[in-house]
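In what follows, a single structure is set out as structure tokens and then discussed.
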Amino acid sequence: MALNRRHTTRTLRAMKQKAEKIAMVTAYDANQARLAEEAEMDIILVGDSVGMVMLGYDTTIPVTLDEMIHHAKAVRRGAQNTMMLVDLPFATYHGDPQVSLKNAMRVMQEAHADGLKLEGGREILPHVEVLINAGIPVCAHLGLTPQAVLKLGGYRVQGRDKETAQRLLEDARALEAAGAFLLVLECVPNDVGALVTEQLAIPTIGIGAGAACSGQVLVYHDVLGMHGQDTAKFVKSYASLHEVTRSALLAYRNDVKQSSFPTAEYTYEIHVDELDQLYGTGERGAPREAD
Ligand SMILES: Nc1nc(=O)c2c([nH]1)NC[C@@H]1CN(c3ccc(C(=O)N[C@@H](CCC(=O)O)C(=O)O)cc3)CN21
Ligand SMILES: CC(C)C(=O)C(=O)O
Ligand SMILES: [Mg+2]
């Protein structure tokens, strides 16, 4: 069964123990998911970054639960054999933990997620606990938590001083104790990534958190250089699809304008007898006489 080829909370922990790196990438539709699976990614994340890279929002804050489910269902169809984690979006896990559970259950049941990711430290523990008690694998997310961008005052490196680094480590310990199976560390100094990874038993996934993390995650569009915009320092682009795409679209547009597309090889033929009937008994191409 397909499920058997997916990583589990246990196989990921074993990877950390064997110092085998975990490769994770985001995906937002079936095609991206299929390509991520063909590239043998360990984990696909349906990130709420979908709001910024696919939906044109300035932050992840406007992304709704329905939007996350819509994209996660497409990703699941494209990648049946890869662990799929889904971000719970802003405002879906901050009030009554029973409402958080109801939101979480929708993603699990409608999109067939393998686990959910929640941003935040000890302040979200009641929500993490209720999910874990219900059997949902929870991935934590500390450091730069983009859903808090307004509170943080921008996309800034986190944990740069002793106090904030210490608080981050305590948050990480509390989330592990609550049962989180994975921890994303975003935009923290290399040494903070290393310290948290060393202090925890669960694997850490870094994004701008240095090479000592148990694995890495990047946004699909960043890996492929799809947007050609300024990106964070931690982004390494492995292609420039932005340029490739723009020049392909321009070449197509110019072909249309110059009538050099479509040529015969891109057109269909009708049977010659049918064509005669279509034009009446007259010569092909001759206008039919009016009755
Ligand atoms: N395309 C994309 N890639 C991402 O990694 C990403 C998103 N979108 N959207 C959601 C969040 C937002 N993220 C971001 C966005 C900007 C920075 C950034 O520019 N950081 C500064 C830090 C400057 C400092 O504090 O010194 C940088 O220059 O890297 C970091 C993470 C990560 N996530
Ligand atoms: C960048 C990753 C960690 C994320 O949360 C997202 O893509 O939304
Ligand atoms: Mg996210």
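Read-outs throughout are calculated quantities, based only on the coordinates presented, and are distinct from any laboratory measurement. Here the structure is a predicted model, which is why all the values come from computation and not from measurement. Using ideal geometry, Cβ is built from the backbone for each residue, glycine included, and neighbour counts are taken over all protein chains shown.
Which of the following residues is surrounded by fewer than 23 Cβ atoms within 10 Å (Cβ to Cβ) and under 18 Å from residue 115 (Cβ atoms): 145, 231?
Details: 231 fails: under 18 Å from residue 115 (Cβ atoms).
Testing whether each residue is surrounded by fewer than 23 Cβ atoms within 10 Å (Cβ to Cβ) and under 18 Å from residue 115 (Cβ atoms) leaves just 145.
Filter region 10-26 for residues that are over 12 Å from residue 45 (Cβ atoms) and in contact (Cβ under 8 Å) with a residue 12 or more places away in the chain; which is farthest from ligand 1 (Cβ to nearest atom)? Quick ask: steps written out before the conclusion?
Here is the first cut: in region 10-26, the ones over 12 Å from residue 45 (Cβ atoms) are 10-21.
Add one more test, that the residue is in contact (Cβ under 8 Å) with a residue 12 or more places away in the chain, and what stays is 12-13, 15-16, 21.
On the way: 12: 21, 13: 25, 15: 23, 16: 23, 21: 19 Å.
Step by step, filter region 10-26, then rank; the result is 13.
Are there helices (runs of 4 or more DSSP H) fully within region 1-84 with at least 2 residues that are more than 23 Å from residue 104 (Cα to Cα)? List them.
Values: elements: 9-17, 30-38, 50-53, 65-78.
So the answer is 9-17, 30-38.
Taking region 228-278 on its own, how many of its residues are of a type in the set (A, V, I, L, M) and in contact with a helix residue (DSSP H, G or I) (Cβ under 9 Å, 6 or more places away or on another chain)? Working first, answer last.
So the first thing to find is which residues in region 228-278 are of a type in the set (A, V, I, L, M), and the list is 232, 235, 239, 241, 244, 248-251, 256, 264, 270, 272, 275, 278.
Subset that is in contact with a helix residue (DSSP H, G or I) (Cβ under 9 Å, 6 or more places away or on another chain): 232, 235, 239, 241, 270.
Qualifying residue count for the region: 5.
If only one of 50, 25 is in contact with a helix residue (DSSP H, G or I) (Cβ under 9 Å, 6 or more places away or on another chain), within 16 Å of ligand 2 (Cβ to nearest atom) and farther than 17 Å from residue 115 by Cα, which one is it?
On the way: 25 fails: farther than 17 Å from residue 115 by Cα.
That would be 50, the only listed residue that is in contact with a helix residue (DSSP H, G or I) (Cβ under 9 Å, 6 or more places away or on another chain), within 16 Å of ligand 2 (Cβ to nearest atom) and farther than 17 Å from residue 115 by Cα.
Can you tell me which residue is farthest from ligand 3 (Cβ to nearest atom) among those in region 93-123 that are surrounded by 15 or more Cβ atoms within 10 Å (Cβ to Cβ) and part of a loop (DSSP other than H, G, I, E, B)?
112
Consider residue 121 against the criteria (1) closer than 22 Å to residue 64 by Cα; (2) of a type outside the set (Ser, Thr, Tyr); (3) in contact with a Pro (Cβ under 9 Å, 6 or more places away or on another chain): it satisfies all of them except one. Which criterion is unmet?
(3)
If you check residue 74 against the conditions, is it more than 30 Å from residue 229 (Cα to Cα), within 16 Å of ligand 2 (Cβ to nearest atom) and in contact with a helix residue (DSSP H, G or I) (Cβ under 6 Å, 6 or more places away or on another chain)?
Values: more than 30 Å from residue 229 (Cα to Cα): no; within 16 Å of ligand 2 (Cβ to nearest atom): yes; in contact with a helix residue (DSSP H, G or I) (Cβ under 6 Å, 6 or more places away or on another chain): yes.
Spelling it out, it is not the case that residue 74 is more than 30 Å from residue 229 (Cα to Cα), within 16 Å of ligand 2 (Cβ to nearest atom) and in contact with a helix residue (DSSP H, G or I) (Cβ under 6 Å, 6 or more places away or on another chain).
It is to be established whether one or more residues within region 245-261 are near ligand 1 (Cβ under 9 Å from one of its atoms) and either free of Cβ contacts under 8 Å to residues at least 60 places away in the same chain or part of a helix (DSSP H, G or I) (or both). Spell out how you get there, then give the answer.
Residues of region 245-261 near ligand 1 (Cβ under 9 Å from one of its atoms): none.
So far as region 245-261 goes, no, none of its residues is near ligand 1 (Cβ under 9 Å from one of its atoms) and either free of Cβ contacts under 8 Å to residues at least 60 places away in the same chain or part of a helix (DSSP H, G or I) (or both).
In contact with a His (Cβ under 8 Å, 6 or more places away or on another chain) and either closer than 15 Å to residue 117 by Cα or more than 15 Å from ligand 1 (Cβ to nearest atom) (or both): is that true of residue 42 in this structure? Full working, then the answer.
Working: in contact with a His (Cβ under 8 Å, 6 or more places away or on another chain): yes; either closer than 15 Å to residue 117 by Cα or more than 15 Å from ligand 1 (Cβ to nearest atom) (or both): yes.
So residue 42 fits the description; yes.
Which count do you get for residues in region 27-58 that are loosely packed, with under 14 Cβ neighbours inside 10 Å and in contact (Cβ under 8 Å) with a residue 24 or more places away in the chain?
Total meeting the criteria: 1.
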